[in-house]
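The values are calculated or read from the model by the stated rules, or taken from the named source; none is laboratory data. Nothing here was measured: the structure is a model prediction, and the numbers come from that model. Note that we place each Cβ from the backbone using ideal geometry, even for glycine, and neighbour counts take in every protein chain shown.
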Ligand SMILES: Cc1cc2nc3c(=O)[nH]c(=O)nc-3n(C[C@H](O)[C@H](O)[C@H](O)COP(=O)(O)OP(=O)(O)OC[C@H]3O[C@@H](n4cnc5c(N)ncnc54)[C@H](O)[C@@H]3O)c2cc1C
Ligand code: SF4
Ligand code: SF4
C-alpha cells in the first residue's frame, strides 16, 4: 500500500515540516485531512496554494458542535496536478467565532464566507462585502446552528394548509385504542 | 488545398444526425432524472406500521399521520399512515432515512402545478400507487441514521452458571442503558403488544434523558412488579418494536430492569399518594402477580386489602416456579416489602378452603378477587408414572425454591418443550445432574423462549427433539430408565402445524434416575363451595370474566393464569390492574 500513498505521504511530511502544530492524516488515496489552529489559517492556506500546488478552493463548509462549544470550518482544496483533495479543518470558539477571510487568496471565497456568516454566524475579518446572502432581514439565531429550533420556527412562520386538521398523534391514538391514559411526570418537582 | 473545409461542411453536419437533440421536443419528452432523485414520496402501505417517525423527524412539519379507510390498527400497527404536504416538503429525504420499516421512499416524479392548494396534500402509496414503478431515493444501507444494533447484555458464562443459582443476566450499566435507550424512536407501537399497555416510550425516554427516577414513576403507574418483569417478562413488546423490522428491537425488558435496579427502595422515589380509607374491604385469594397487582392499586385507592396465600411467601409462580438464577429472592422481597409499605396486608401459609373458608372471606369483604393460578400439573399418562422419582416439574421447582433439598440423582430426563421444562432442566443441571429434554416436535416448535433454549444448551442440557416417551421402566419401585420412540413430522390434515408420528420400531432406552414431567398445568377450584361452583362460569378450566375482570357472580373478580390464555406474569399483572377498575366501579360506582 505504501507506494500507492506515496504522494500523500510526501505532502504530509512537507506540511509537518513547515507547520508543526498541523495534525495531518491520510484518509484514503487522494484524500488528506489537516486539523489546524484557526489563528494563522491564511498563512497555512497560502502555503498549500503556493508551495504544494493546491490551487483550487472547491468550497468551504461549516459544522456546529455545541457539545464542544465550537464551530468547525472545513476548507476543501484541490490539486489538479496530483488529483488530491485536502480538507483543512479549523475549530473556532462558538461564543466568539471569528477568523480571517481567505478572499485575498481566492476571490470566490467571498460567497462561501457570506453563506457561513449568515447560516452559522461566524465573522470573517477583512471580508470585503458581508451583505445578506439568501435570507432577508433575518434577526433570529443563524438557522444552521443546532440550537435553532427549526420546527418551532416553521410552526410560527408558515401557514397550515387547509385540510390538515385531521392529523393525529400516534402515541395518543394508541393510548386511546387501549383505553389508557399516559400520565405526565415531566414537570414534577424532583 | 485551399478551401476544402468548406466543401466538407455538409458532410461533417451529417454526423449530428444520429445524436439526440438538446432542444425541447414536441410532444414533450421527459428526461431521465438523476439516480437518487428526490421527488414525490411513495409509501408501501402494507409494510408501513404507522409509527410516525417520518412525521416526528420532518423539520418542516410536512407530514401528518392520519386515519385511512381500510387500514386497521392492531398489534404493532397504529392504523395511521403519513400524508405529505408537498407545499412544505423540501425533499431533504430525512423521513426516508429514518423510516424504520423502509416502506417510505422518494420517486423520480416531481412535476405538479395546480391553482388548487388542496392538491398539494398527498397520501403516498394511497394517492399515487402507480409511482411504485418510479422509486428512486431509498434509505441508505451504508450510512443508516437509525441504530440497528442492540447494546449487548453481559451474562455469566455457561460453565460458570451451572455451579450455582447466581443470577445469569448481569444487567446494563448506566452508560449501556443510556445508549440502548437512545436507539428508541419513541413511536409507542410496543404499547399495543404489552398486555398491560405500560408507558414504554415514556420510561425509555426518561432513561435516555438520564432521569431514572422519572422512568420509575412511569413504570409504576401501571405495574407494581416491574423489577420482576424487567428480569423475566415474556416481552411481547419487543416483538413489534419498530426498530425490530430492520434491526434488533430495543431491549425494552432490560431497560425496565435497569431503571428499577437503580433504586433500593421505590417508596423513596415514588412517594405514593395513598387515598384516605374508603371503608370498603377486598379479600384476595392467591398472592401471585395477579393478586398482588390488584392488591397494590386497591390499597393506593384507599381499600382495605387482605391477600391469602397458601405458600410460605408471596409471588405465586414467580416465587415457586421461576428459578432463582432468573429471579432472585432479594429482588422479589424488595418489591413485596414496598407493597406492604403501601398498606397491602399479606397472609402467608393460609390455604383458602383449608385454613380459612372461602365463605368467610366473602362474608368479611365487599368484593373478592381470585388469582390462584394453575398449580395442578397434567400427568403424562404413561405406565410407570407413579414410580418413585417420577415427578412433576412445578412440584420439583417449588420444592427447590422453598429451599428443600431435592435429590434428582445423576441423570435426569425432562419431558416437555415449554419454559417450565427448560427451567426444570436448568435447575437439574445446577443440582449436578446430566440432563436430557425429550420433546415431541422439532426444536423450532418448542414454545419456550429461544433465549431460554440457547441458555439451556450453553449449560450442557441435551435436547432430543421428535422424541415421544412410551414407558417409564422401574426397578424396586424406583425409576430406572425411560423408553421413547422417535417421530417423524407429518402434515396435519386439518391444516394445523405438522404433527409428530411415531416411526415404527425406532425405540430407545435411556437410563435415568429421575423423570420430570412438564407438559402443563390446570387450576384447582376445590376450595370453592358447591353453591359458588354452580354459579361461577368456568370454561375449559378458566373462570369467565368481562372487560373489568368481573365473574358471573358480581362481587367476585378473577384474573391471572386461571383467567387468561397468555399465562405469563405481565398478563396476570394486567388482569390485576383491570380488576382494580372493575372493583372500584362495582363498589364505589366510579
Ligand atoms: C416454572 C415456571 C416458569 C415461568 N417463567 C415465566 C417467565 O419467565 N416469565 C413470565 O412472564 N411468566 C413465567 N411463568 C408464568 C408466571 O409465573 C405466571 O403466569 C404468573 O405467576 C401467574 O400469576 P397468577 O397471579 O395468575 O398466579 P400464580 O403466580 O400461580 O399465583 C397464584 C397463587 O395462588 C396461590 N393459591 C392457589 N390456590 C390457593 C388457595 N386455595 N388458597 C391460598 N392461595 C392459593 C398459589 O399458591 C399461588 O401462589 C412461569 C411459570 C412457571 C411455572
Ligand atoms: S423529505 Fe424532508 S421535508 Fe419532505 S417530508 Fe420528508 S423529512 Fe419532511
Ligand atoms: S416512518 Fe415509515 S413505517 Fe413509520 S409511519 Fe412513516 S412511513 Fe410508516
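Annotations
- Candidate set: region B:65-79, residues that are more than 15 Å from residue B:47 (Cα to Cα) and more than 16 Å from ligand 2 (Cβ to nearest atom); chosen: the one nearest to the other protein chains (Cβ to nearest Cβ): B:67
- In region A:79-112, the residues that are out of contact with any helix residue (DSSP H, G or I) (no Cβ under 7 Å at 6 or more places or on another chain), assigned to a strand (DSSP E or B) and under 18 Å from residue A:67 (Cβ atoms): A:89, A:91, A:92, A:93
- Among the candidates B:77, B:64, the residue that is within 15 Å of ligand 3 (Cβ to nearest atom) and free of Cβ contacts under 8 Å to residues at least 24 places away in the same chain is uniquely B:64.
- Evaluation of residue B:165 against (1) more than 14 Å from chain A (Cβ to nearest Cβ); (2) not in a loop (DSSP other than H, G, I, E, B) (one fails), failing number: (2)
- Search result, residues across region B:80-95 that are facing chain A (nearest Cβ under 10 Å) and free of Cβ contacts under 8 Å to residues at least 40 places away in the same chain: B:80, B:85, B:87, B:88
- Matching residues in region A:24-56 - criterion: being closer than 14 Å to residue A:11 by Cβ, touching a strand residue (DSSP E or B) at 6+ places or on another chain (Cβ under 6 Å) and assigned to a loop (DSSP other than H, G, I, E, B): A:30, A:53, A:54
- Flag if residue B:339 is within 28 Å of the chain's Cα centre (by Cα) and away from ligand 2 (no atom under 16 Å from the Cβ): yes
- Lone unmet requirement of (1) outside any loop (DSSP other than H, G, I, E, B); (2) within 16 Å of ligand 1 (Cβ to nearest atom); (3) under 21 Å from residue B:336 (Cα atoms) for residue B:238: (3)
- Of the residues making up region B:48-94, those that are surrounded by fewer than 18 Cβ atoms within 10 Å (Cβ to Cβ), out of contact with any strand residue (DSSP E or B) (no Cβ under 9 Å at 6 or more places or on another chain) and not in a strand (DSSP E or B) number 8.
- Residue under evaluation residue B:211, criteria (1) within 14 Å of chain A (Cβ to nearest Cβ); (2) buried (at least 24 other Cβ atoms within 10 Å of the Cβ), criterion not met: (2)
- Number of residues in region A:138-190 that are at the interface with chain B (Cβ under 8 Å from one of its Cβ atoms) and in contact with a strand residue (DSSP E or B) (Cβ under 8 Å, 6 or more places away or on another chain): the value is 9.
- Scanning region B:90-131 for residues that are more than 15 Å from ligand 2 (Cβ to nearest atom), within 18 Å of residue A:166 (Cβ to Cβ) and at pLDDT 90 or above yields a total of 1.
- Criterion (modelled with pLDDT under 95, assigned to a helix (DSSP H, G or I) and within 30 Å of residue B:324 (Cα to Cα)) met by exactly one of B:177, B:206, B:159: B:159
- Filter result for residue A:175 (crowded, with 17+ Cβ neighbours inside 10 Å, closer than 16 Å to residue A:73 by Cβ and at pLDDT 90 or above): no
Here is a yes/no grid of residues against (1) surrounded by 14 or more Cβ atoms within 10 Å (Cβ to Cβ); (2) within 14 Å of chain A (Cβ to nearest Cβ):
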{"site": "B:109", "(1), (2)": "yes, no"}
{"site": "B:116", "(1), (2)": "no, yes"}
{"site": "B:128", "(1), (2)": "yes, no"}
{"site": "B:132", "(1), (2)": "no, no"}
{"site": "B:135", "(1), (2)": "yes, no"}
{"site": "B:154", "(1), (2)": "no, no"}
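- Selection of region B:91-109 for residues being away from ligand 3 (no atom under 13 Å from the Cβ) and in contact with a helix residue (DSSP H, G or I) (Cβ under 7 Å, 6 or more places away or on another chain) yields B:107, B:108, B:109.
- Odd one out for residue B:161, checked against (1) touching a helix residue (DSSP H, G or I) at 6+ places or on another chain (Cβ under 7 Å); (2) within 19 Å of residue B:451 (Cα to Cα); (3) surrounded by 21 or more Cβ atoms within 10 Å (Cβ to Cβ): (1)
Every residue, every condition in (1) assigned by TED's automatic domain parsing to the domain that holds residue A:94; (2) under 17 Å from residue A:71 (Cβ atoms); (3) surrounded by 12 or more Cβ atoms within 10 Å (Cβ to Cβ), yes or no:
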| site | (1), (2), (3) |
| --- | --- |
| A:114 | yes, yes, yes |
| A:117 | yes, yes, yes |
| A:120 | yes, yes, yes |
| A:123 | yes, yes, yes |
| A:127 | yes, yes, yes |
| A:131 | yes, no, no |
| A:144 | no, yes, yes |
| A:156 | no, no, no |
| A:159 | no, no, no |
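- The one condition in (1) within 32 Å of the chain's Cα centre (by Cα); (2) over 15 Å from residue B:368 (Cβ atoms); (3) assigned to a loop (DSSP other than H, G, I, E, B) that residue B:500 fails to fulfil: (3)
- The set of residues in region B:214-230 being at the interface with chain A (Cβ under 7 Å from one of its Cβ atoms) and closer than 21 Å to residue B:179 by Cβ consists of B:214, B:218.
- Of all residues in region B:75-90, those satisfying the criterion of being in contact with a helix residue (DSSP H, G or I) (Cβ under 7 Å, 6 or more places away or on another chain) and under 17 Å from residue B:240 (Cβ atoms) are B:75, B:76, B:78, B:80.
- Of the residues A:32, A:60, the single one that is in contact with a helix residue (DSSP H, G or I) (Cβ under 9 Å, 6 or more places away or on another chain), over 25 Å from residue A:125 (Cα atoms) and surrounded by 15 or more Cβ atoms within 10 Å (Cβ to Cβ) is A:32.
- Here residue B:193 meets the list (1) farther than 30 Å from residue B:457 by Cα; (2) within 12 Å of another protein chain (Cβ to nearest Cβ) almost entirely, failing just condition (1).
- Listed by position, the helices (runs of 4 or more DSSP H) enclosed by region B:279-356 that each have at least 1 residues that are within 7 Å of ligand 1 (Cβ to nearest atom) and not assigned by TED's automatic domain parsing to the domain that holds residue B:517 are B:289-300, B:317-320.
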